[in-house]
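None of the figures in this text is laboratory data; all of them are computed from the coordinates on show. This structure is a prediction, so every number in the text was calculated from the model and none was measured.
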């Protein structure tokens, strides 16, 4: 077949209307696919950005809660020192007082839990007529959350404050052995400490 005849055949085929329609559809589909490829990365970036934003917000909430807890624990420790100084100063013969206290690390918070226990029993029979009973207990629990100022936080049932584990006291009246003994006994009983954890010294003048 010569070149002119081949050219004429191709022109006839391309001149048919259904083929033109098919080519038009193919072009439209190609355009749609191209548009989707162009737009998809931006939407993906938007999704990643949203996830990063949520992660950042969650981390900020955790940091905020940690800071609040640290401030509360510090305030509690300072209050314990102040209260002890004030009560010791009122004891007869003690005079001026300085107090230093050691605490266990941080405070402990006990959250509320929503417990769900499910029991199921299944009976299996083998080919020989033997029976086997299976008992299964499923115990699931999750922390109860509460919303405060738009933030989800665990609902706290109890808060255990840091425990006092040692006390040093400087007192003007500690030169007197009787007053020193009374201070040691008072602090030991107040914080349930052994006497070796309560150190009382006379204050320099």
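Odds and ends about this structure:
- Overall shape: prolate for the stretch 67-169, with the ratio a/c of the largest to smallest alpha carbon gyration tensor axis at 1.5 or above and a/b above b/c.
- One chain, two ends: residue 161 and residue 176. Fully extended at 0.36 nm per residue, the span grows by 2.0 nm beyond their Cα-Cα distance.
- Across the stretch 111-154, C-alpha contacts under 8 Å between residues 6 or more apart give a mean separation that, scaled by the residue count, equals a relative contact order of 42 percent.
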